[in-house]
Amino acid sequence: MHELALLVAATLVAGTPLALAGLGLLVNERAGVLNLGAEGLMLVAAIGGFAVAHATGSDTLAFAAAAAAAAALAAGFGLLVIWLNTNQYATGLALTLFGYGFSAFVGVAYVGRKLAERAPFEVPGLAHIPFLGTALFRQHPMVYVTMGLALALAWFLFRSRAGLVLRAVGENPESAHALGYDVRWLRLAAVAFGGAMCGLAGAFLSVVYAPLWVEGLVAGRGWIALALTPFATWRPPRVLLGAYLFGGVTMLQFQLQGTALQISTELLAMLPYLATIAVLALISRNAAFIRINMPASLGRPFHPGS
Amino acid sequence: MTDHARRRLLQWAGLTTVAAAAALAGCAKKEEPPAPAAQAPAAAPAPAPEALKAAWVYVGPIGDAGWTYAHDQGRKAVEAEFGDKVKTSYVEKVPEGADAERVIRDLAAQGNKIIFATSFGFMEPMVKVAAEFPDVKFEHATGYKTSANMNVYDIKLYQDAYVSGVLAGGMTKTNTIGFVGTFPIPEVLRNINAFSLGAQSVNPKVKTKVVWINTWFDPPKESDAAQSLVNGGADVLLQNTDSSAVLQTAEKNGKYAFGWDSDMSAVAPKAHLASNVVHWGPYYIKAVKDVLDGTWKGNQRTIWGAKEGTTEVVKMNEAIPEAVRKKAEEAEAGLKAGTLSPFTGPLSDNTGKERLASGQVAEQDWLDKVDFYVKGVEGKVPAGN
């Protein structure tokens, strides 16, 4: 029973960076911009957050700095793809490569450094409930913030007027433009927000999860986050569940190795990706379903006045 | 084939092509002393130069810890040993593949008389270039192909793992120790088995749990694996990954772990029991000396360990009780003296099958083919390797 609680706890932690980045990318994509630079943003934020945490000892400052740095970088990406209409795929890939090199360059001095020790986090009153306390209530606050953000974004996108406008910009920018909305600035705001979320994810990895800095720390999680949005059919709560599923499978691989159960861990590692492909295949079969869920102008540039 | 070798190979293969291209662009040639003008290829008999030119090819940046750093320490040891009799240079961040061949050929053409390539993936390029420059001596780390002017060299890291095992066996309270493994290849299995045997030598009740992460590089995953071992009851951990993630996870949980490849004592002062380090210097000094003396011979495979000073367990934690420390030091002394061999019969695997008869000491051929867990290690070696 205790082991199961620990597995649940580890799953929540493993899923959190995926969920943060996935939610950010979801907002990007709902506004019609595909940002393949997520991995690069997370790397830059990871070293930025680590450096700030190392200098100040404050997690809050580290997350704020990481989010700001990644948002600024994402805004640069936004300027290129929204105003200059560069190809979103190529620009995003360039951002990933830039982030990889830049973070390695800046991070050389931080390899092997350690952060000050922190007391384990506990939710007052709840942390000592048997089973549930261990499983759910001894996490870094960011884990709970992520859950809150998923719900808040679901409300924002589907229950608020501003969310409706954002989705309109992603579905049909020409119509939104004709109605008087400034498509480009709205898209820029969405891209910057997505960047900030990727920043939180990166800082979570380097400050809370690992916690250390080495070149290439993010190790492909940006790409998993990108796979999460179609897997979740562009719905925030499903992104959260998907992230926990992906994280849980990773943890399960290790847990199963300790037991007598002989299941190929390679097979388990493959499952989330198979699931993504299966979901994509299913929703793509149904034209109505794809119309309802996938932002119609995803990845397409918008030229006002044309 | 060693874990380092494979690691480098896979790590580089795993990078996106453009990232590899970026690394390629960053591949910088650095010469310590200013190089004289490039000489004619060694095929044309050149007059003996003042100082012997020796060059190193590194797969990564030197940095301040890890694989390439350890090799560069070895190069510096050569400089310190021979002074102005030798001129050393190196090229760092050389991707394994076509570019490596160009770099090695350049170095040979520039008049280097001995060239060391320090990653497994440099083997084929080096074999090719060695055939073109019969007067240049080539040395390849961790490979298996030799020729009249090419040797291979490697180290017995499992000796370090054995000493760490002795410490682990003395320190564990749960009688369960853990190992975070990368890929189930002989090198890694040797380390796991040596770790387990070392622990059992002082504490027969010890069980070893293994978690494979199937990657050479992913610090968060390394901590996950370490955490799952801790959750499963292990209280002393060893790993064969380069990062300090496992050590830090142990620190967070109030458990013990070890540094691997380089001294990691600063990262986790409480959890750090000792660091398993490698010294390439002794071999490099020997190889360069052989060239200077004219006694260098090709077709050699040299694998050194504690006895020759290439592996060592350092920085044992103050908190280790005297009795435990003593046993570890005895083991280390036995390895150094050559009187102790971790893999000595009777030795059976964890299915009960005998692998070494009583009194039999493992030969290199046996070591090259380890594909099982020894008794005391739980689980089954994943298939497919």
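Below is a table of values for the structure above.
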quantity: Single match in B:VAL211, B:VAL163, B:VAL230, B:VAL188 (criterion: within 14 Å of chain A (Cβ to nearest Cβ) and assigned to a helix (DSSP H, G or I)); calculated: B:VAL230
quantity: Residue check, B:ASP224 at negative phi, touching a residue at least 60 places away in the same chain (Cβ under 8 Å) and not basic (Lys, Arg); calculated: no
quantity: Unique match (being on the phi < 0 side of the Ramachandran plot and without any contact (Cβ under 8 Å) to a residue 12 or more places away in the chain) among A:ALA51, A:ALA68, A:ALA38, A:ALA55; calculated: A:ALA55
quantity: Residue in the range A:55-65 that is of a type in the set (D, E, K, R), surrounded by 24 or more Cβ atoms within 10 Å (Cβ to Cβ) and either over 16 Å from the mean Cα position of the chain (by Cα) or within 14 Å of another protein chain (Cβ to nearest Cβ) (or both) present; calculated: no
quantity: Check on A:ALA225, in contact (Cβ under 8 Å) with a residue 40 or more places away in the chain, within 14 Å of chain B (Cβ to nearest Cβ), over 22 Å from B:GLY178 (Cα atoms) and not β-branched (Val, Ile, Thr); calculated: yes
quantity: Matching residues, the range B:233-264, being under 15 Å from B:ASP160 (Cβ atoms), away from chain A (no Cβ under 11 Å) and either part of a loop (DSSP other than H, G, I, E, B) or among the small types (Gly, Ala, Ser) (or both); calculated: B:ASN240, B:ALA257
quantity: Any hit, the range A:286-295, residues being out of contact with any strand residue (DSSP E or B) (no Cβ under 8 Å at 6 or more places or on another chain), surrounded by fewer than 23 Cβ atoms within 10 Å (Cβ to Cβ), part of a loop (DSSP other than H, G, I, E, B) and at pLDDT 80 or above; calculated: yes
quantity: Flag for A:THR86 being of a type outside the set (A, V, I, L, M) and modelled with pLDDT of 95 or more; calculated: no
quantity: Filter result (under 16 Å from B:GLY359 (Cβ atoms) and of a type in the set (A, V, I, L, M, F, W, C)) within the range B:327-347; calculated: B:LEU340, B:PHE343, B:LEU347
quantity: Hey, B:SER201 hydroxyl-bearing (Ser, Thr, Tyr), more than 9 Å from every other protein chain (Cβ to nearest Cβ), surrounded by fewer than 23 Cβ atoms within 10 Å (Cβ to Cβ) and assigned to a loop (DSSP other than H, G, I, E, B) or not; calculated: no
quantity: Answer from B:GLY74, B:GLY63 - the residue that is modelled with pLDDT of 50 or more and either touching a His at 6+ places or on another chain (Cβ under 8 Å) or of a type in the set (A, V, I, L, M, F, W, C) (or both); calculated: B:GLY74
quantity: Residue satisfying all of: in the range A:200-210; more than 7 Å from chain B (Cβ to nearest Cβ) and within 14 Å of A:LYS114 (Cα to Cα); surrounded by the most Cβ atoms within 10 Å (Cβ to Cβ) among these; calculated: A:SER206
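Yes/no matrix, rows are residues, columns are (1) crowded, with 18+ Cβ neighbours inside 10 Å; (2) free of Cβ contacts under 8 Å to residues at least 40 places away in the same chain:
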{"site": "B:GLY294", "(1), (2)": "no, yes"}
{"site": "B:THR302", "(1), (2)": "no, no"}
{"site": "B:GLU332", "(1), (2)": "yes, no"}
{"site": "B:ARG355", "(1), (2)": "yes, yes"}
{"site": "B:LEU367", "(1), (2)": "no, no"}
{"site": "B:VAL370", "(1), (2)": "yes, no"}
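The values are calculated or read from the model by the stated rules, or taken from the named source; none is laboratory data. All values derive from a computational prediction rather than experimental measurement. With ideal geometry, Cβ positions are generated from the backbone for all residues, glycine too; neighbour counts draw on all protein chains shown.
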